[in-house]
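The block underneath contains the structure these notes are about, expressed in structure tokens.
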Amino acid sequence: MCNTINNNKLKRQISFVALFFLIGINVFSAQEINKTNLKENSTQNQKDLFRNKVKVVAHRGDWRNAPENSLAAIQNCIVMGVDMVEIDLRKTKDGTIILMHDKTLDRTSTGKGLIKELDKKSLDSLRLKNGYGMPTTDKIPTLLEALKLCKNKILVFLDKNYECLPEAVKIVKELKMENQVFYEGKNTYSEMQAKFGPIMEEINYMPRVSLKSSDDAYLTPFLKQKKESIFIFSFDEKEINPMTAIIKNIKSSQGKIMLTTLWDSTAGGYTDDLALADPEANWGKVIALGADLICTDRPASLIHYLKEKGFHD
């Protein structure tokens, strides 16, 4: 009888110690998570935007390992330490902003037809396709869902925003992510101001620059913005010399440069595919040209290269 009582007492003591140990682990884990969140939050302030020497921008997310413009593609970028994720916006018939590059559903989803002619409910049963064109279990995300995933974790580059800019800005404001989200465009500052008014004073706008849009009349108003000025360049091999001079002028005025190594025509022929075999002769050359940010389809490989060179945390 006494042995039974002692055994029960011992079991209760062991259970208590185990519970206390588990609680201790959970408290420690929560503290570590809070520390991580604080660190993540601090890096999202605009003043810390260029803490890394070269920022990595993932084009349509990590689309080689998940469907492009999917939550999974964004999450992969967060995990691997990408600085900024580029996503594309489209608006449905009922005004919902979703993530998709094309105007139609055909290429990247199991659906068909123009997005602007379909409502959000009709898209809910569809699934995204992977890079091989095969259906996955991933749903078409909304901008709201994507931004909630990104909040305090990764900077966001909203491409194809012109048709839904006010609605996108409203969502960003509601989530209090103004310092974390950037908008691209190819219109002049006066054109954007005429269409969107005071919004231009509120957002982080990144104008696209080509040889056709590289004169002072186009560039100067953007350089005078109170917020950080980032210019997205596109040029082929024949245009390297004149664009190099323009890049230097912008950098001398404290502007920042994003170069895109996706295709031959976007960064003077220096591409991601070539960089996989010879990163120094491609990504290295783009950095030498003045890139503060590199938009890439190979984010993991680019991060690895930059870390080896001491250009990324």
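Some notes on this structure:
- Residue in region 278-289 that is crowded, with 17+ Cβ neighbours inside 10 Å, aromatic (F, W, Y) and more than 25 Å from Y189 (Cα to Cα) present: yes
- Flag if S234 is modelled with pLDDT under 95 and either within 25 Å of D88 (Cβ to Cβ) or charged (D, E, K, R) (or both): no
Yes/no matrix, rows are residues, columns are (1) assigned by TED's automatic domain parsing to the domain that holds L219; (2) surrounded by fewer than 21 Cβ atoms within 10 Å (Cβ to Cβ):
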| position | (1), (2) |
| --- | --- |
| L144 | no, yes |
| L149 | no, yes |
| E174 | yes, yes |
| F182 | yes, no |
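- Leading residue by the ranking (surrounded by the fewest Cβ atoms within 10 Å (Cβ to Cβ)) among those in region 207-264 that are part of a helix (DSSP H, G or I) and among the polar types (S, T, N, Q): S252
- Flag: E228 does not match the condition of being among the acidic types (D, E) and over 19 Å from T188 (Cα atoms).
- Residue satisfying all of: in region 121-131; loosely packed, with under 14 Cβ neighbours inside 10 Å and not in a helix (DSSP H, G or I); farthest from the chain's Cα centre (by Cα) among these: S125
- Within region 262-290, no residue that is more than 21 Å from F231 (Cβ to Cβ) sits with its Cβ atom under 7 Å from a residue that is at pLDDT below 95 and exposed (fewer than 15 other Cβ atoms within 10 Å of the Cβ) at 6+ positions apart or across chains.
The values are calculated or read from the model by the stated rules, or taken from the named source; none is laboratory data. Quick caveat: nothing in here was measured; it's all calculated off a predicted structure. Methodologically, a virtual Cβ is constructed for each residue, glycine included, from the backbone with ideal geometry; neighbour enumeration extends over all protein chains shown.
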